[in-house]
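The numbers here are math on the coordinates, done by the rules we state, and not lab data. As the structure is a prediction and not an experimental result, all values here were calculated from the model. FYI the Cβ positions are ideal-geometry reconstructions off the backbone, even for glycines, and counts take in every protein chain you see.
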Amino acid sequence: MVTRVIEDIQAVWNAYKQDQSSKALRNRLMENYLPLVRYNAERVWSKLPDGVDINDLISAGVFGLMDAIEAFDMERGVKFETYCVPRIRGAMLDELRTMDWVPRLVRSKASKLESARKQAEAELGRPPADNEVAAKMGVPLDEYEKLKSEASAVNLVSLNKKWYETDSYKDVREIDIIEDTKGEDPTLSIQKRDLMKLVTKGLNRNERLIIILYYYEELTMKEIGSTLGLSESRVSQMHSSIVNRLKEQLGRRKPEFAQ
């Protein structure tokens with residue numbers, strides 16, 4: 001059976017080399033050698049850090065296999081498996097280089113900077129200042145600052161990096177777990193609304209507006225006066241009166257908040 005398969009694939013090779021324009025023959029060869037792509041992709045992927053998708057390596061390896069099939073010379077007497085593996089792995093490594101946008105020189109600088117920082121920290125017994133690390137590296141402080149800025153690029157993370165796998169069709173990525181620092185906490189928003197209701201309960205319209213405009217909208221007394229058609233001194237007087245009343249009310253209700 002194995003001999004028959006080998007004979008069949010050899011026949012495909014012979015036919016393809018006579019007509020390399022035949023996509024059907026080329027695809028038959030690719031299907032036959034596709035396990036080589038996956039095998040080499042898994043070997044390369046096992047040595048890589050988290051965040052690299054094995055499917056990207058397989059895709060690159062398929063193109064490497066395609067190039068190898070087109071360039072293979074059957075007359076040389078070399079087994080195709082021996083010939084194609086370096087091309088497959090080379091295509092995968094080229095893909096990794098395009099994925100890693102941080103130049104090697106930057107990584108080298110970052111490594112030297114971190115090494116100097118660790119040495120300085122070991123000697124000083126505390127985290128070193130920038131000028132101390134610069135002295136350890138033997139470079140001026142402004143040059144060190146430039147080095148530090150360039151090296152910071154190494155620490156950037158892909159937002160498409162896989163965070164963890166789930167049972168669903170979609171894995172959780174880095175972008176899915178980043179905190180939105182500009183977004184308002186809904187719990188805090190509800191608390192602020194409830195507090196505003198508590199504070200403004202029993203106040204007339206102008207008094208409520210003074211509290212809302214001053215503490216929530218952060219307007220000045222003068223701006224509030226212009227809005228309500230009152231003088232700045234009158235707004236200030238009303239504000240002091242409201243605050244004193246609220247202190248008295250909250251003081252009476254203190255036992256409720258202690259429970």
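Observations on the structure shown:
- Whole-Hz Karplus values for segment 66-80 come out as 4, 4, 5, 4, 5, 9, 5, 10, 5, 6, 6, x, 9, 5, 4 Hz, taken residue by residue from phi with 6.51 cos²θ - 1.76 cosθ + 1.60 and θ = phi - 60°; glycine and proline positions read x.
- Exceedance of the 22 Å cut-off in Cα-Cα distance is limited, within the set 112/146; 47/118; 222/247, to 47/118; 222/247.
- Local net charge near residue 222, Cβ-Cβ under 14 Å (Lys/Arg +1, Asp/Glu -1): -3
- Extension gain, residue 46-residue 31: 0.36 nm per intervening residue step, less the Cα-Cα distance, totals 3.0 nm.
- Counted by neighbouring Cβ atoms within 10 Å, the residues 113, 141 run from fewest to most as 141, 113.
- Among 54, 69, 88, the ranking by other beta carbons within 10 Å of each residue's beta carbon, starting with the fewest, stands as 54, 69, 88.
- Förster radius 45 Å - calculated FRET efficiency between residue 81 and residue 188, Cβ distance, rounded to 0.05: 0.10
- Interchain or long-range residues, amide H under 5 Å from residue 219's placed H: 214
- FRET efficiency estimate (nearest 0.05) - Cβ-Cβ, residue 71 to residue 112, R0 51 angstrom: 0.80
- Mean separation of Cα contacts under 8 Å (6+ apart) over length of segment 23-98, as relative contact order %: 37 percent
- Order of 136, 148 - criterion: other Cβ atoms within 10 Å of each residue's Cβ, fewest first: 148, 136
- Rounded to the nearest 0.05, the FRET efficiency derived from the C-beta distance between residue 205 and residue 248 at R0 = 22 Å is 0.55.
- Label-point gap, in nm, between residue 237 and residue 17 - each point 7 angstrom along Cα→Cβ: 10.6 nm
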